[in-house]
Amino acid sequence: MHNFKLNTAAAGVALALSGTANASLPVDVEVFMSGASAPSNMLRENVVQFGCDKTKTINVYADFIDQAPGNGNAALAEPILEHRSFWAVQCTANSSLGSAAGKTIAFYKSDVGGSGNGTTPVLNRVPVQFMDANPTNCSLVTAGQKGGNGTSYNLYACDQNDLVNQIPDMGAADIEASKFVGSLAPASGDFINDGTVQEKVGPGLIFGVVVTKSMRDELQADQISAGLLPSSCSTSGQETEACMPSVPSSVARSLTSGKYNNWSDVNVYGQAVNVPSSFGDPKKNNVHICRRVKGSGTHAEYLIHYHRTNCYEGAQPILNQPGPGASGFGIGALVYENSSSGTLGSCLDALDTGVGFSSSKITPDITAGTQSFGIGYQSTEKNMDLAKNYRFVKIDGIAPTVGNAIKGDYRQVYYSGFQNRTSGYNTGPLRSTINSTKSAAINDIFNNGTNINASIVAVLDQGFVHNWGQGGFIVPDATAPAKYTPGSPKTPWTRERANGSADSCQPLFKKK
């Protein structure tokens, strides 16, 4: 149920994002960004660490805490906070944010619908769901939570069902907005820039194929037996890069294009994929796929990378939901559509554990007792604490680490796109205290706050360390060395055109 707080006055908005009962602190500038869920943790940390005045109070609101920062230890910043679909940050802007500096800003982010909702809704002023953070539906979880880069903040958990519809000012996408047309377009339609939206290229994010933990264990055991992984991996180090099993890119492509109905049909380096007999699900042998919805950027990069969608005519389609198995007929793959990366992780976790997963953000629900191997795709700044029962795998023998991506060995790397509507901001249900500098302030926040350079990425990437290596973001730089230097995210590889715009259909090539 949506709770539309349309009668909030200035004091109400101050309450909503100050986390106090002091109605004398107005919010000067509210910013609404919709779109990509893959870089959402990075975007939130960028606001907190580089956009907020560290000497003043910073409040962070999350709809659902999937991973507590520091694993619940307020003195530790890592692993990074993981939410589900919504977050908001309230703070005093620092001097880097131009005309917003010194003002109380509220930055809302909605991941619902993924990257596509960061494209056409910004262009065509289409309302998107945002979390209405306020004291009645948010509770303080940790006061003085340590953040990265010398920050600390108060962390609140909120009722994720208390939502408002708001036209987004800005959008984020895992790839450039121009690819969100046709079969990759969101429900709001094709993105065709009419000149009213400013676009810029952001850092590159490393993506990968993920499988349920039990499937990872099966692949690992098979590849140890075949001599493809060290025998020591059977007793220790199962989460290391050396012990990470591999899946051929051809198998990943075939699974998501519907060429396999049952796991027993899948052959990985000469080994059959056998689902444990302990799984009681009568459809445990069906292929299960946790995919993202149309309009998701993680979905788009996967389809471009493996299926070449929107790169040429006749590209392979991906299986839609429901597959023949999901509807209860036939023996085909069961396909579950997820609106965010958080719910995709929950989808795989539910398939591994059999506990079930029901949400408005997944279709269809996964009923309790449904248990099988599952496959999906995620960005590598997810699940560092292994809280959910899914794991990354190597592709063609290469792990999805920053080091391998910088060397050019791992190539599922795509460059984010940011969009900003330069005029025509909406006053919306939460906006009742905006002053005349709002338009200039929002533009300054976009132009200055989304300039995520290599030094910023180096700090942010510290929150994305897995047992198998460094995941996260990289930044193209013509002067970058060919060999990875730990702590430096600079890479010589890019997908930029000569004019600086992005083209995800291009192969990676060295930046000039």
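List of remarks:
- Residue match in the range 288-296 (condition: at pLDDT below 95, among the hydrophobic types (A, V, I, L, M, F, W, C) and outside the structural domain of Ala185 (by TED's automatic domain parsing)): yes
- Odd one out for Arg84, checked against (1) of a type in the set (Lys, Arg); (2) crowded, with 17+ Cβ neighbours inside 10 Å; (3) under 25 Å from Lys200 (Cβ atoms): (3)
- Selection over the range 193-238 of residues that are in contact (Cβ under 8 Å) with a residue 12 or more places away in the chain, part of a loop (DSSP other than H, G, I, E, B) and of a type outside the set (D, E, K, R) gives a count of 7.
- Residue that is assigned by TED's automatic domain parsing to the domain that holds Asp461, among the hydroxyl-bearing types (Ser, Thr, Tyr) and more than 19 Å from the chain's Cα centre (by Cα), where the choices are Ser188, Ser231: Ser188
- Candidate set: the range 387-418, residues that are more than 18 Å from His299 (Cβ to Cβ) and among the aliphatic types (A, V, I, L, M); chosen: the one surrounded by the fewest Cβ atoms within 10 Å (Cβ to Cβ): Ala387
- When the range 131-148 is filtered for residues that are in contact with a Cys (Cβ under 7 Å, 6 or more places away or on another chain), buried (at least 23 other Cβ atoms within 10 Å of the Cβ) and of a type outside the set (A, V, I, L, M), only Cys138 remains.
- Taking the conditions (1) crowded, with 24+ Cβ neighbours inside 10 Å; (2) within 17 Å of the chain's Cα centre (by Cα); (3) under 24 Å from Ser488 (Cα atoms) in turn, Met384 satisfies each one other than (1).
- Residue selected from the range 173-194 under the condition in contact with a strand residue (DSSP E or B) (Cβ under 8 Å, 6 or more places away or on another chain) and farther than 27 Å from Ser358 by Cα, by the criterion surrounded by the most Cβ atoms within 10 Å (Cβ to Cβ): Phe180
- Evaluation of Thr151 against the conditions (1) touching a Cys at 6+ places or on another chain (Cβ under 8 Å); (2) of a type outside the set (D, E, K, R); (3) buried (at least 24 other Cβ atoms within 10 Å of the Cβ) shows that the sole unmet condition is (3).
- Residues in the range 486-499 that are within 24 Å of the chain's Cα centre (by Cα), under 21 Å from Phe418 (Cα atoms) and in a loop (DSSP other than H, G, I, E, B): Pro489, Arg495.
- Residues located in the range 457-467, provided they are part of a loop (DSSP other than H, G, I, E, B) and either surrounded by fewer than 22 Cβ atoms within 10 Å (Cβ to Cβ) or free of Cβ contacts under 8 Å to residues at least 12 places away in the same chain (or both): Asn467
- Some residue of the range 62-70 being part of a helix (DSSP H, G or I), hydrophobic (A, V, I, L, M, F, W, C) and closer than 30 Å to Val293 by Cβ: no
The values are calculated or read from the model by the stated rules, or taken from the named source; none is laboratory data. All of these numbers come straight from a predicted model, not from anything done at the bench. Neighbour counts run over all protein chains shown; Cβ positions are idealised from the backbone, glycine included.
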